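> I'd like to ask some things about the structure below.
The values are calculated or read from the model by the stated rules, or taken from the named source; none is laboratory data. All of these numbers come straight from a predicted model, not from anything done at the bench. Note that each Cβ is placed from the backbone with ideal geometry, even for glycine, and that neighbours are counted across all protein chains shown.
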């Protein structure tokens, strides 16, 4: 394994201001989410599976967040408890350094350890970087949903957006209902 100048660790509440800022940098591109602004810490912890939330931090400044990853339940229906949707956002200073791959590798391992069997990622077709990152980790594009929703902000306000769905199947856990 190649040495890196960053480390991956579980999120701490003190990281959240930077996590939210990185998320909002992604939102500002118009190609990351339908959301207009980042959540509060309470909203974030309520919607994410907190055991899956990791940050990449600079080794030289362990309080500087380079990126983050998380999983959220894909559905509230109990039959889908093993299916999650990922989120991954990288600060400009973390791009091109392997941060995204390291974070996604961590998420895949943790989801497998938590007996999840499928990770989905909803990616705007224009977000080629995210699509390439997910493909590099074995995700496959399984669908394109058309006219998912209209953008309500930014340069794309009022435009209907399509979303590609990427999927990574994990080993099926040996669980019993």
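> Output the number of the condition that residue 74 fails; it satisfies all remaining conditions of (1) closer than 21 Å to residue 39 by Cα; (2) modelled with pLDDT of 95 or more.
With (1) closer than 21 Å to residue 39 by Cα; (2) modelled with pLDDT of 95 or more applied to residue 74, the lone miss is (2).
> Let me ask you something else. Checking residue 168 against (1) farther than 22 Å from residue 44 by Cβ; (2) touching a residue at least 60 places away in the same chain (Cβ under 8 Å); (3) more than 15 Å from the chain's Cα centre (by Cα); (4) part of a strand (DSSP E or B), which single condition isn't satisfied?
(3)
> Which of the following residues is at pLDDT 95 or above, surrounded by fewer than 17 Cβ atoms within 10 Å (Cβ to Cβ) and closer than 24 Å to residue 129 by Cβ: 96, 101?
Exactly one residue qualifies, and that residue is 101.
> Can you pull out every residue in the range 118-136 that is in a loop (DSSP other than H, G, I, E, B), touching a strand residue (DSSP E or B) at 6+ places or on another chain (Cβ under 7 Å) and surrounded by fewer than 20 Cβ atoms within 10 Å (Cβ to Cβ)?
Applying the first criterion (in a loop (DSSP other than H, G, I, E, B)) to the range 118-136 yields 124-127.
Now drop any that are not touching a strand residue (DSSP E or B) at 6+ places or on another chain (Cβ under 7 Å), which leaves 124-125.
Within the range 118-136, just 125 meets the criteria.
> Kindly evaluate residue 49 against the criterion of being closer than 15 Å to residue 112 by Cα and either in contact with a strand residue (DSSP E or B) (Cβ under 9 Å, 6 or more places away or on another chain) or surrounded by fewer than 16 Cβ atoms within 10 Å (Cβ to Cβ) (or both).
It is true that residue 49 is closer than 15 Å to residue 112 by Cα and either in contact with a strand residue (DSSP E or B) (Cβ under 9 Å, 6 or more places away or on another chain) or surrounded by fewer than 16 Cβ atoms within 10 Å (Cβ to Cβ) (or both).
> Report whether or not residue 85 is closer than 22 Å to residue 46 by Cβ, in contact (Cβ under 8 Å) with a residue 24 or more places away in the chain and crowded, with 16+ Cβ neighbours inside 10 Å.
Answer is yes for this residue.
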